[in-house]
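Q: One structure, pasted below without further comment.
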Amino acid sequence: MAPLLVESAASGAQVLFLGDNFSRLLGGLGTSLAISGLALLIGLPLGILLGSLRIVDNWVLRGILRVYLEFFRIVPTLVVLFLFYYILPREMGIQIDGKTIAVIAFALWVAAEISDVVRSGLISVPDHQIETGKALGMSGFQLLWYVRLPQSINLMIPAVLNLATRVVKTTSLLLLISVIDVVTVGQQIMETNRMAHPDAAFWVYGFIFLLYFIVCWPLSMIAKALEKRAKERNRD
Amino acid sequence: MDFSYIQQSLPLFVRAFGVTLRLSALVIIASTIIGLVAAVIQHFRTPVLSQFFAAYEELFRNTPLLIQLFFLYYGLPSIGVKLSAETCAVIGASLLGGAYMAGGFLGGFSGIPTSQLESARALGLSQLQMVRYVTLPQGLARSVPALAANAIFLVKETSIFTVIAVPELTNTARDLIGMYYRSDEYLLTLVIGYAIILIPLSIILTLLERRVRRGTFAR
């Protein structure tokens, strides 16, 4: 096995740098990151809205939002993608490309997860503060905006960052709804080099593995540091 | 919606359901073992090994399962390591799950005051005795909520096994959609399949959480 490995290091790794392969792979990753970014951009405000509504005194509304959350908790994200991919274009009667479908599906998933983060953050604010606010004559919205949100934001940021890494990782599934992402580009490269470099798979998938790690690791490190800080602050 | 399609494909789905269930169970058990070992080693700051497991956790928590599976299934054969799809699936998901479980256990262990470990050391307990009598009894109960969340997460992750053609639920649904173009029917069956596993599982785990919370003394 050892000589084989050395041999592949000589040939297989070259595939990554042949022609414009390297920039094509990065371009594929760019697509995935753009989709993640858009999904977070839409899902975040929506999730904050839904989370705020989940502490409203209306059991029908709370029930609906809970079912919405549980749906995304129970159905695997891959299956959610398939649901949107097969059903959405037909119901709307129009052609929708995979990227748009991914953004919509991910945004709704992000909104569901964020709604739960926001809800638990909001209810973590002690009741006596809310009573005080009410005594001062603050409205429901003012209580949310000036009392609950500012204090729970420290808890929310790490959770949002962790969710962001999950979204980025989940973009690896995009090839299954025919989006040209980094994995698809990798497969194209392996296909064209199948004769010259039959061992390209090891290097291409290894490289994509590394790419995802380079994107996600810093995010989760920042999340970890912020979590620690929030915990220490709460201890004081 | 034509239910005769669902009826005809039911035997296939039942078999796939069995595959998903069996692989999920294997993955959860293996992940728990890997996670527990990694967490105990890191909790006691065993030199070299604890750095190794910390690196392992970061690596597998921050990369997608799909890429891990592709690497194992398509990448390794080119350096002479050939594994079956199912083996790759279980290894990949267990390594991923182990990294998450380790985090869950460590979180549980970190709730134990260090004074207890110091007292144990002062009483002359060996490392193994400390694990057995101090860390595990309290730490395991505290880890349950995180472990429960991970177990549910792992069952859902088995849907990704479809990419290396393991005949589990998602793969079966995809095959059938490809053959008969009845996406509504098969997607409905697929969602119900996961719901049958995950709804009872999450109820059981919530009950378990409640039980151990009552069992933990002195917060």
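Q: Cβ-Cβ distance below 9 Å, separation of 6 or more or different chains: which pairs start in segment A:95-111 with a residue that is of a type in the set (Gly, Ala, Ser) and end on one that is at pLDDT below 95 and outside any helix (DSSP H, G or I)?
A: A:GLY98/A:SER178; A:GLY98/A:VAL179; A:GLY98/A:ILE180; A:ALA102/A:VAL179
Q: Moving on to the next point. Contact list please: Cβ distance under 6 Å, first residue in segment B:47-71 and within 7 Å of chain A (Cβ to nearest Cβ), second residue part of a helix (DSSP H, G or I) and of a type in the set (Val, Ile, Thr), pairs at least six apart or on different chains.
A: B:LEU66/B:ILE160; B:LEU66/B:VAL163; B:ILE67/A:ILE208
Q: Could you list, in sequence order, all residues of segment B:191-207 that are at the interface with another protein chain (Cβ under 8 Å from one of its Cβ atoms), aliphatic (A, V, I, L, M) and in contact (Cβ under 8 Å) with a residue 40 or more places away in the chain?
A: Of everything in segment B:191-207, just one residue is at the interface with another protein chain (Cβ under 8 Å from one of its Cβ atoms), aliphatic (A, V, I, L, M) and in contact (Cβ under 8 Å) with a residue 40 or more places away in the chain, namely B:LEU198.
Q: Could you pull out the residue among B:SER9, B:SER78, B:SER31 that is modelled with pLDDT under 95, away from chain A (no Cβ under 14 Å) and part of a helix (DSSP H, G or I)? Write out each step before concluding.
A: Working: B:SER78 fails: away from chain A (no Cβ under 14 Å); B:SER31 fails: modelled with pLDDT under 95.
B:SER9 is the lone residue from the list that is modelled with pLDDT under 95, away from chain A (no Cβ under 14 Å) and part of a helix (DSSP H, G or I).
Q: Can I ask one more? Are any residues in segment A:172-217 over 23 Å from A:ALA102 (Cβ atoms) and either of a type in the set (Asp, Glu) or outside any helix (DSSP H, G or I) (or both), and if so, which ones?
A: The answer is A:GLU191, A:ASN193, A:ARG194, A:MET195, A:ALA196, A:HIS197, A:PRO198, A:ASP199.
Q: From the list A:ILE153, A:ILE130, which residue is under 30 Å from the mean Cα position of the chain (by Cα), part of a helix (DSSP H, G or I) and farther than 19 Å from A:VAL79 by Cα? So that I can check it myself, show each step before the final result.
A: Values: A:ILE130 fails: under 30 Å from the mean Cα position of the chain (by Cα).
Unique residue meeting the criteria: A:ILE153.
Q: Quick test for you: out of B:LEU187, B:LEU147, pick the one residue that is of a type in the set (A, V, I, L, M, F, W, C), at the interface with chain A (Cβ under 8 Å from one of its Cβ atoms) and in a helix (DSSP H, G or I).
A: Numbers: B:LEU147 fails: at the interface with chain A (Cβ under 8 Å from one of its Cβ atoms).
Just one listed residue meets the conditions, B:LEU187.
Q: With the checklist (1) in contact with a helix residue (DSSP H, G or I) (Cβ under 6 Å, 6 or more places away or on another chain); (2) farther than 15 Å from B:PHE60 by Cβ; (3) not basic (Lys, Arg) in hand, flag the one item B:GLY92 doesn't pass.
A: Result: B:GLY92 passes all but (2).
Q: Any chance segment A:153-171 includes a residue that's more than 14 Å from chain B (Cβ to nearest Cβ), of a type in the set (S, T, N, Q) and either touching a residue at least 60 places away in the same chain (Cβ under 8 Å) or over 27 Å from A:LYS99 (Cα atoms) (or both)? First the steps, then the outcome.
A: The initial filter retains those residues of segment A:153-171 that are more than 14 Å from chain B (Cβ to nearest Cβ), namely A:153-157, A:160.
Checking the rest, the ones that are also of a type in the set (S, T, N, Q) come to A:154.
Adding the requirement that they be either touching a residue at least 60 places away in the same chain (Cβ under 8 Å) or over 27 Å from A:LYS99 (Cα atoms) (or both) leaves A:154.
There is at least one residue in segment A:153-171 that is more than 14 Å from chain B (Cβ to nearest Cβ), of a type in the set (S, T, N, Q) and either touching a residue at least 60 places away in the same chain (Cβ under 8 Å) or over 27 Å from A:LYS99 (Cα atoms) (or both).
Q: Does segment B:186-196 contain at least one residue that is in contact with a Pro (Cβ under 7 Å, 6 or more places away or on another chain) and buried (at least 24 other Cβ atoms within 10 Å of the Cβ)? Show your work before the answer.
A: Within segment B:186-196, the first condition is being in contact with a Pro (Cβ under 7 Å, 6 or more places away or on another chain), and the residues that meet it are B:194.
Adding the requirement that they be buried (at least 24 other Cβ atoms within 10 Å of the Cβ) leaves none.
Checking segment B:186-196: not a single residue is in contact with a Pro (Cβ under 7 Å, 6 or more places away or on another chain) and buried (at least 24 other Cβ atoms within 10 Å of the Cβ).
Q: If you take the residues of segment A:10-60 that are over 26 Å from the mean Cα position of the chain (by Cα) and under 27 Å from A:PRO150 (Cβ atoms), which of them is surrounded by the most Cβ atoms within 10 Å (Cβ to Cβ)?
A: At the first step, the residues of segment A:10-60 found to be over 26 Å from the mean Cα position of the chain (by Cα) are A:10-21, A:56-60.
Next cut, under 27 Å from A:PRO150 (Cβ atoms) only: A:56-58.
On the way: A:VAL56: 12, A:ASP57: 7, A:ASN58: 10.
Here the answer is A:VAL56.
Q: A follow-up question, please. I'm trying to understand the selection: among the residues of segment A:27-40, which are more than 16 Å from A:ILE101 (Cβ to Cβ) and in contact with a helix residue (DSSP H, G or I) (Cβ under 8 Å, 6 or more places away or on another chain)?
A: Of everything in segment A:27-40, those that are more than 16 Å from A:ILE101 (Cβ to Cβ) and in contact with a helix residue (DSSP H, G or I) (Cβ under 8 Å, 6 or more places away or on another chain) turn out to be A:GLY27, A:GLY28, A:LEU29, A:LEU33, A:LEU40.
The values are calculated or read from the model by the stated rules, or taken from the named source; none is laboratory data. Not measured: the values here are computed from a predicted model. Here the Cβ is made from the backbone with ideal geometry for all residues, glycine too, and neighbour counts use every protein chain on show.
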